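Take a look at the structure set out below.
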Amino acid sequence: MSARGRFLSGLVSAATALAAFTMAGTLPAAANSGTVRYVALGDSYAAGQGAGSYLNDCKQSTKGYPALLAAEKHVRLEANETCTGATAAEVADTQLSALNRRIRLVTLTVGGNDLDVSGLATLCTEKPTACADAITSRLAQLPRLGSRLTDLYTDVADAAPKALIVVSGYPHLLEPTAPVDPALIAALNFATDELNRTIREAVAAAHATGVNIVYVDVTAAFEGHGIGGNKELFINPSGKDAFHPNAAGYLAYAAAISAALPAKWLDEQEQLV
């Protein structure tokens with residue numbers, strides 16, 4: 001196992017408490033080799049924008065969480081279809097071709113671009129007077145987004161029927177101590193919470209139909225690490241990658257996702273070494 005893989009394995013233990021945020025899921029054992037075939041789907045938060053070391057125009061990064069998960073000894077990244085700017089509809093239209101019956105793990109972070117969360121954060125910090133109306137407008141789109149996400153999760157399951165689908169939410173970008181109007185911080189974090197609630201409920205709706213899917217909440221992992229926080233910074237505060245995680249933030253994402261994988265399966269993989 002690589003040094004990064006060993007570090008990530010340590011983070012799994014530290015992040016075990018995050019598993020309480022997920023619904024029950026099961027990951028089928030991989031055939032013979034003990035290697036889980038993995039496909040990554042989603043937007044800039046899935047690709048790794050903000051971490052640097054980009055591989056292509058989609059801003060897939062060697063420090064994004066798909067690469068970190070692939071450093072695990074029993075996880076093999078078959079395809080990374082993630083791309084900055086992707087919406088739920090674009091994931092459905094352009095990213096699912098990499099899925100098949102051999103895939104055992106799919107990760108997916110998407111929904112933020114449907115509401116332009118980064119643009120909203122920029123607007124609220126640069127033009128506070130326009131923030132309230134912008135948030136109200138975006139929140140009104142959540143019911144439609146929820147339905148779209150449930151359909152997407154079902155499509156992923158149809159294309160990769162033997163896979164566990166791990167869907168992650170989004171962190172709070174600003175801490176209460178950030179040098180911004182506290183009312184704006186509260187409003188932005190509320191909007192993030194509502195987006196995460198919509199994603200979580202869409203996961204629950206898909207799960208109720210028999211889809212093998214779990215939701216991972218990352219807000220606890222990022223608490224204190226947002227912009228203006230008193231801990232190591234996990235979010236880029238400015239520049240082209242503003243309001244996206246940095247390399248440390250993606251380590252937190254990877255640890256949270258790893259913690260969501262069923263412990264029994266992890267034990268079985270260790271026995272296959």
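Among the residues of the range 98-129, what is the count of those that are among the small types (Gly, Ala, Ser) and in contact (Cβ under 8 Å) with a residue 60 or more places away in the chain?
Matching residues across the range 98-129 total 4.
Could you list all residues from the range 148-174 that are modelled with pLDDT of 95 or more, in a loop (DSSP other than H, G, I, E, B) and surrounded by 18 or more Cβ atoms within 10 Å (Cβ to Cβ)?
Hits for the range 148-174 are Ala160, Gly169, Tyr170, Pro171, His172.
How about the range 51-105: which of its residues are farther than 30 Å from Arg144 by Cα, among the hydrophobic types (A, V, I, L, M, F, W, C) and not in a loop (DSSP other than H, G, I, E, B)?
Passing the criteria: Ala67, Leu68, Leu69, Ala70, Val75, Leu77.
Kindly provide the set of residues from the range 146-181 that are closer than 30 Å to Gly229 by Cα and within 20 Å of the chain's Cα centre (by Cα), ordered by number.
Val166, Val167, Ser168, Gly169, Tyr170, Pro171, His172, Leu173, Leu174, Glu175
Identify, please: which residue in the range 106-115 is touching a Ser or Thr at 6+ places or on another chain (Cβ under 6 Å) and assigned to a helix (DSSP H, G or I) and is, among those, nearest to Asn236 (Cα to Cα)?
Asn113
Here is a yes/no grid of residues against (1) hydroxyl-bearing (Ser, Thr, Tyr); (2) assigned to a loop (DSSP other than H, G, I, E, B); (3) surrounded by fewer than 23 Cβ atoms within 10 Å (Cβ to Cβ); (4) at pLDDT 95 or above:
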residue: Phe190; (1), (2), (3), (4): no, no, yes, no
residue: Thr198; (1), (2), (3), (4): yes, no, no, yes
residue: Glu201; (1), (2), (3), (4): no, no, yes, yes
residue: Ala204; (1), (2), (3), (4): no, no, yes, yes
residue: His207; (1), (2), (3), (4): no, no, yes, yes
residue: Gly210; (1), (2), (3), (4): no, yes, yes, yes
residue: Ala221; (1), (2), (3), (4): no, no, no, yes
residue: His225; (1), (2), (3), (4): no, yes, yes, yes
residue: Glu232; (1), (2), (3), (4): no, yes, yes, yes
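Would you mind finding the one in Ala204, Ala191, Ala186 that is of a type outside the set (Asp, Glu) and more than 24 Å from Arg144 (Cβ to Cβ)?
Residue meeting the stated conditions: Ala186.
I'd like to verify a number: residues in the range 60-93 that are of a type in the set (Lys, Arg) and either closer than 20 Å to Ala160 by Cα or crowded, with 24+ Cβ neighbours inside 10 Å (or both), how many?
Matching residues across the range 60-93 total 1.
What single numbered condition from (1) assigned to a helix (DSSP H, G or I); (2) within 25 Å of Asp217 (Cα to Cα) fails to hold for Thr129?
Condition not satisfied by Thr129: (2).
Examine the range 43-53 for a residue that is surrounded by fewer than 21 Cβ atoms within 10 Å (Cβ to Cβ) and of a type in the set (A, V, I, L, M), and state whether such a residue exists.
Within the range 43-53, none of the residues are surrounded by fewer than 21 Cβ atoms within 10 Å (Cβ to Cβ) and of a type in the set (A, V, I, L, M).
Look at the range 116-145 and say how many of its residues are over 19 Å from Gly239 (Cα atoms), surrounded by 11 or more Cβ atoms within 10 Å (Cβ to Cβ) and small (Gly, Ala, Ser).
4
Exactly one of these conditions fails for Leu105: (1) surrounded by fewer than 18 Cβ atoms within 10 Å (Cβ to Cβ); (2) aliphatic (A, V, I, L, M); (3) modelled with pLDDT of 90 or more. Give me its number.
It is condition (1) that Leu105 fails.
Pairs, please: C-beta under 8 Å, at least 6 apart or cross-chain, first residue under 19 Å from Gly111 (Cα atoms) and in the range 214-243, second of a type in the set (D, E, K, R)?
Filtered contacts from the range 214-243: Tyr215/Arg200; Asp217/Arg200; Thr219/Asp193.
The values are calculated or read from the model by the stated rules, or taken from the named source; none is laboratory data. This one's a predicted model, so the numbers in the text were calculated from it and none came from an experiment. Reconstructed Cβ throughout: ideal geometry from the backbone, glycine too, with neighbour counts over all protein chains shown.
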